[in-house]
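The values are calculated or read from the model by the stated rules, or taken from the named source; none is laboratory data. Owing to the predicted nature of the structure, the values given are computational and were not obtained by experimental measurement. Heads up, the Cβs are rebuilt from the backbone with ideal geometry, glycines too, and the neighbour counts pull from every protein chain shown.
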Amino acid sequence: ESVVNRVAAGEVIHGPHSALKELIENSLDASATQISILCKDGGKKLLQITDNGIGIREEDLEIVCERHTTSKLEKFEDLEAMETFGFRGEALASMTYVADVTITTARSGGKCAWKASYRDGKMREGTKEMCAGVTGTTIAVENLFYNVKTRRNALKSGAEEYAKILDVVTRYASSRPDVAFSCRKVGETRATVNAPLVVLSSSGGGGSEGEREGDRENGEENEPSPSSSSQKCRLERIGQIYGPTVSKELLPLRLKTNNDKLEKKMAQFHMECDILYSNANYKAKKTTFILFINGRLVECSALKRAIETAYQSVLPSSSREKPFVFLSMKLPFKDVDVNVHPTKREVHFMHQEEIVERVQTALEKALVKSNA
Ligand code: ADP
Ligand code: MG
């Protein structure tokens, strides 16, 4: 049985970076506004995440790492949403089958913090203890794949794994300017990513893909939207992460299907797309394409190709200069299919071809206009 579990866990957790993606999402789901990550040997020896979220109830500590344990049924109302984005209580459980997991957590108003260690889907007997701690949760994942030699050997060097970790952190940090992120290696005093907390004005709503008043009525379809406060914060954040040269060139573009323009094919299908695209190519070896669908970091190769095609036709890139595109899309949860496996990043969604085509056309038009 444990072999089966280990194999299954390997499908969910590919390496420190994919464990981190799950952990960051959990912290964000717990309403954290500060997330710090600590790594040893590229996260292979230690991957630790600390958040200031709501914490885990003491009585839940016993079961939190069991398969299918989730507290998110109510939050994400419909079951389809859960299935779509892997809200299935798989992530923590999977980690415990291939690593040593320790959780330290405290709820606000609680008397103290609690700490417990886990293996193979269970809390290890006698490990639960009281300790001091502020509200929030720290999860340490140690010795990843200690029991799966092939997986462990397939991991890259500490430096390479750390680069992948930083990539995940910077992507989430770009998407959520309302959350402070930091990431560092054990022994390093300065964090590699240390974007300070950017406070959103209250009218801007949460930094997630929430409602943004004011944008709703204006924002003609396929027209650059008046920069919303959250896009402004995002721009600022991207500047902090990727440098001012990138953010200076970024322009907003908003696309959506709206009710009054019911298109035959996409009737009842609501799509909203917030894009920040570089008006020029900037110094980089590869295209930077950051894609979030319904607040989750995903990949869509068809969309990426379309974006590269759009740039290629308007602003041919050289081997040393490439485009930068941040795209955040909102779709009905039920229409996103994370094919194959819930934590697989490559997604497919309803009306994909039409949407991809629209993004490409809109981007081409915008690039022509802004470069005129
Ligand atoms: P899921 O996210 O699909 O619910 P996970 O295995 O990722 O499943 O997490 C299991 C449960 O553990 C979550 O539903 C949540 O209740 C709790 N949890 C995990 N991480 C945190 C965290 N950082 N803060 C608060 N609760 C957490
Ligand atoms: Mg989760």
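Within region 39-57, restricting attention to residues that are over 22 Å from Arg151 (Cβ atoms) and either more than 12 Å from ligand 1 (Cβ to nearest atom) or among the small types (Gly, Ala, Ser) (or both), which residue is farthest from the chain's Cα centre (by Cα)?
Per the stated criteria, the residue is Gly55.
Val64: of a type in the set (Val, Ile, Thr), modelled with pLDDT under 95, within 16 Å of ligand 2 (Cβ to nearest atom) and out of contact with any Ser or Thr (no Cβ under 8 Å at 6 or more places or on another chain), yes or no?
On the way: of a type in the set (Val, Ile, Thr): yes; modelled with pLDDT under 95: yes; within 16 Å of ligand 2 (Cβ to nearest atom): yes; out of contact with any Ser or Thr (no Cβ under 8 Å at 6 or more places or on another chain): yes.
Criteria met by Val64.
What about Ala81, is it within 15 Å of ligand 2 (Cβ to nearest atom), aliphatic (A, V, I, L, M) and either crowded, with 17+ Cβ neighbours inside 10 Å or modelled with pLDDT of 85 or more (or both)? Walk me through it before giving the result.
On the way: within 15 Å of ligand 2 (Cβ to nearest atom): yes; aliphatic (A, V, I, L, M): yes; either crowded, with 17+ Cβ neighbours inside 10 Å or modelled with pLDDT of 85 or more (or both): yes.
Spelling it out, Ala81 is indeed within 15 Å of ligand 2 (Cβ to nearest atom), aliphatic (A, V, I, L, M) and either crowded, with 17+ Cβ neighbours inside 10 Å or modelled with pLDDT of 85 or more (or both).
Have a look at Thr150, Thr170 and point out the one that is at pLDDT below 95, in contact with a Cys (Cβ under 9 Å, 6 or more places away or on another chain) and of a type in the set (Val, Ile, Thr). Please lay out each step first, then the result.
Working: Thr150 fails: in contact with a Cys (Cβ under 9 Å, 6 or more places away or on another chain).
Residue meeting the stated conditions: Thr170.
Only one of Leu303, Leu331 is assigned by TED's automatic domain parsing to the domain that holds His270, among the aliphatic types (A, V, I, L, M) and in contact (Cβ under 8 Å) with a residue 60 or more places away in the chain; which? Steps first, answer last, please.
Working: Leu303 fails: in contact (Cβ under 8 Å) with a residue 60 or more places away in the chain.
Leu331 is the lone residue from the list that is assigned by TED's automatic domain parsing to the domain that holds His270, among the aliphatic types (A, V, I, L, M) and in contact (Cβ under 8 Å) with a residue 60 or more places away in the chain.
Return yes when Ala91 is within 17 Å of the chain's Cα centre (by Cα), within 12 Å of ligand 2 (Cβ to nearest atom) and at pLDDT below 95 and no when it is not.
yes
Got a number for residues in region 149-192 being closer than 16 Å to Gly43 by Cα and not in a helix (DSSP H, G or I)?
12
Please work out which residue is nearest to Ser2 (Cα to Cα), limiting yourself to region 110-137 and to residues that are away from ligand 2 (no atom under 16 Å from the Cβ) and polar (S, T, N, Q).
Among those that are away from ligand 2 (no atom under 16 Å from the Cβ) and polar (S, T, N, Q), it is Ser117.
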